[in-house]
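Trainee: Below is the structure I would like to discuss, written out as structure tokens.
The values are calculated or read from the model by the stated rules, or taken from the named source; none is laboratory data. Everything numeric here is computed off the predicted structure, so don't read it as measured data. Positions of Cβ are generated from backbone atoms using ideal geometry, with glycine treated the same way; all protein chains shown enter the neighbour counts.
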Protein chains: 2
Amino acid sequence: MPTPARTSLDEIIAAGQTILEEGGLDGLTMRRVAAAVGIRPPSLYKRIRDRGDLVRLIVDRSLRELTDRLDSVVGSGDPRRDLVALAHVFRDFARSRPATYGLLFARLPETSRVDPELNARASQAILRTAAELAGPDDALEAARTVVAWAHGFISMELAGAFRLGGDVERAFAFGIDRLATAIAADAGVPGGQAADPAVAG
Amino acid sequence: MPTPARTSLDEIIAAGQTILEEGGLDGLTMRRVAAAVGIRPPSLYKRIRDRGDLVRLIVDRSLRELTDRLDSVVGSGDPRRDLVALAHVFRDFARSRPATYGLLFARLPETSRVDPELNARASQAILRTAAELAGPDDALEAARTVVAWAHGFISMELAGAFRLGGDVERAFAFGIDRLATAIAADAGVPGGQAADPAVAG
DNA sequence: ACCTGAACACCGTTCAAGT
DNA sequence: ACCTGAACACCGTTCAAGT
């Protein structure tokens, strides 16, 4: 006689997400997750392979949400405006789920790594915007420059690494503004990058 | 009768550093460190307060080394050249000690955080270089933009986050080149940022 | 002074047994 | 099918006792 299911994969992921944000990655224990969904720790292994798998599922779910938000703010017709919007979506996401954000670009063990195809999808909005600004030849480099800056800024901000005073908001505005100019097709060193027609869509 | 010391704080930090790089932060256990220096785990507590304190000491030591290297590559007379040199020192350091690097800007618990004064010292070379390029009014923002980019790029590279092909070296060169131009004093958008007194130190 | 074994309260995970 | 208690091999840390 099968015992009725007392929980679900979805509930486990949701509980894991909450516990992760409350206590950080170290606080995310199988025993706590089990207690939160009303079962005993060993029963978790009926639905997930191990703790690394749970981490992966939590990150996967959040990355899908982030991708949707990124996709929804581009397409204004002004790539510079799109870039600013993307940076703010990124930053807002990180602030709303700092612990989860910290895992997005972390060195995770194999079992915790999300589907590469999902990562590729998450990159599309920024890649298209970068292509519009920088031209097709430099699109990938431009996207990497912007994402590196945004990720670096945000992770430093979350870590409390801006310790020299000053206005962090002003630094964020300064950065995105200068970067948008820097990656534009006409910003290359003379004789360097060729200016190509922007790609859209 | 006092028993003779079988190890030293220095040896413990060095062993911790090695174990950290070999097995990551999770692999850095008090039992392993104790075994490496030839004592039993409880004896570690004669020299360090707890595991968080050990992490702090390891990061502290590496940050001093990084600061020395950063200080040693600036002053060429060409701030743009200095900036490129700083970026490479940063990147080389991260590659030589990836796990330690990951802790430099991490959200660490209070006990693991290094002396703020040490952090300030580590920022001096980049702050001065940024001031030369961007002018005193934008020095702090310019430094934050460059450090954010460099940290973001390096941590993404270490995490294997550049998964869309392309040439990562080219992206690094593209980024530092465009950033140097972007933060230069004459790169501001007309009528853009207001000029505020710079905060240094 | 420094070192130790024993102990405590935690972990993730496995497994045989229950329904 | 799902759930469970018991068990195993780990942790960090404390503490009384040894030299």
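Trainee: Can you pull out every residue in region A:65-75 that is touching a Lys or Arg at 6+ places or on another chain (Cβ under 8 Å) and either within 11 Å of DNA strand C (Cβ to nearest atom) or not polar (S, T, N, Q) (or both)?
Mentor: A:74
Trainee: Can you tell me which residue is farthest from DNA strand C (Cβ to nearest atom) among those in region B:27-64 that are away from chain A (no Cβ under 14 Å) and polar (S, T, N, Q)?
Mentor: This residue is B:62.
Trainee: Okay, moving on. Residues that are exposed (fewer than 15 other Cβ atoms within 10 Å of the Cβ) and within 16 Å of DNA strand D (Cβ to nearest atom): does region A:59-68 have at least one?
Mentor: no
Trainee: Select from region A:1-26 the residues that are within 12 Å of DNA strand C (Cβ to nearest atom) and of a type in the set (Val, Ile, Thr) and write down the one among them that is surrounded by the fewest Cβ atoms within 10 Å (Cβ to Cβ).
Mentor: My answer is A:3.
Trainee: Any idea which of (1) in a helix (DSSP H, G or I); (2) within 16 Å of DNA strand D (Cβ to nearest atom); (3) farther than 17 Å from residue A:108 by Cβ is the one residue A:81 doesn't satisfy?
Mentor: Of everything listed in (1) in a helix (DSSP H, G or I); (2) within 16 Å of DNA strand D (Cβ to nearest atom); (3) farther than 17 Å from residue A:108 by Cβ, residue A:81 misses just condition (2).
Residues are listed down the side, and each one gets a yes or a no for (1) away from every other protein chain (no Cβ under 14 Å); (2) within 16 Å of DNA strand D (Cβ to nearest atom); (3) assigned to a helix (DSSP H, G or I); (4) at pLDDT 95 or above:
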| site | (1), (2), (3), (4) |
| --- | --- |
| A:1 | yes, yes, no, no |
| A:10 | yes, yes, yes, yes |
| A:17 | yes, no, yes, yes |
| A:25 | no, yes, yes, yes |
| A:76 | yes, no, no, yes |
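Trainee: Let me ask something else. For region B:61-86, give me the residue count where each residue is under 10 Å from the mean Cα position of the chain (by Cα) and farther than 26 Å from residue B:174 by Cβ.
Mentor: The qualifying residues number 5.
Trainee: Give the residues of region B:73-84 that are of a type outside the set (Asp, Glu) and either over 21 Å from residue B:158 (Cα atoms) or buried (at least 20 other Cβ atoms within 10 Å of the Cβ) (or both), sorted by residue number.
Mentor: Correct list: B:73, B:74, B:75, B:76, B:77, B:79, B:80, B:81, B:83.
Trainee: May I ask you to list pairs of residues, at least six apart or on different chains, whose Cβ atoms are under 6 Å apart, with the first in region B:47-66 being more than 14 Å from residue B:119 (Cα to Cα) and in contact (Cβ under 8 Å) with a residue 60 or more places away in the chain and the second being within 12 Å of DNA strand D (Cβ to nearest atom) and β-branched (Val, Ile, Thr)?
Mentor: B:52/B:111
Trainee: Is it true that residue B:173 is surrounded by fewer than 21 Cβ atoms within 10 Å (Cβ to Cβ) and facing another protein chain (nearest Cβ under 7 Å)?
Mentor: Spelling it out, it is not the case that residue B:173 is surrounded by fewer than 21 Cβ atoms within 10 Å (Cβ to Cβ) and facing another protein chain (nearest Cβ under 7 Å).
Trainee: May I ask you to verify whether residue B:89 is over 9 Å from the mean Cα position of the chain (by Cα), in a helix (DSSP H, G or I) and in contact (Cβ under 8 Å) with a residue 40 or more places away in the chain?
Mentor: No; evaluated as a whole, the condition is false for this residue.
For (1) more than 7 Å from chain A (Cβ to nearest Cβ); (2) assigned to a loop (DSSP other than H, G, I, E, B); (3) modelled with pLDDT of 95 or more, each residue gets a yes or a no:
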{"position": "B:129", "(1), (2), (3)": "yes, no, yes"}
{"position": "B:178", "(1), (2), (3)": "no, no, yes"}
{"position": "B:189", "(1), (2), (3)": "no, yes, no"}
{"position": "B:197", "(1), (2), (3)": "yes, yes, no"}
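Trainee: Further, regarding this structure: Step by step: first the residues of region B:27-38, then only those that are in a helix (DSSP H, G or I) and near DNA strand D (Cβ under 10 Å from one of its atoms), then the one that is nearest to the chain's Cα centre (by Cα). Which residue is that?
Mentor: Top of the filtered list is B:27.
Trainee: Looking at B:104, B:118, B:133 in this structure, which one is more than 7 Å from every other protein chain (Cβ to nearest Cβ), closer than 18 Å to residue A:179 by Cα and either without any contact (Cβ under 8 Å) to a residue 60 or more places away in the chain or of a type in the set (A, V, I, L, M) (or both)?
Mentor: Only one candidate qualifies: B:133.
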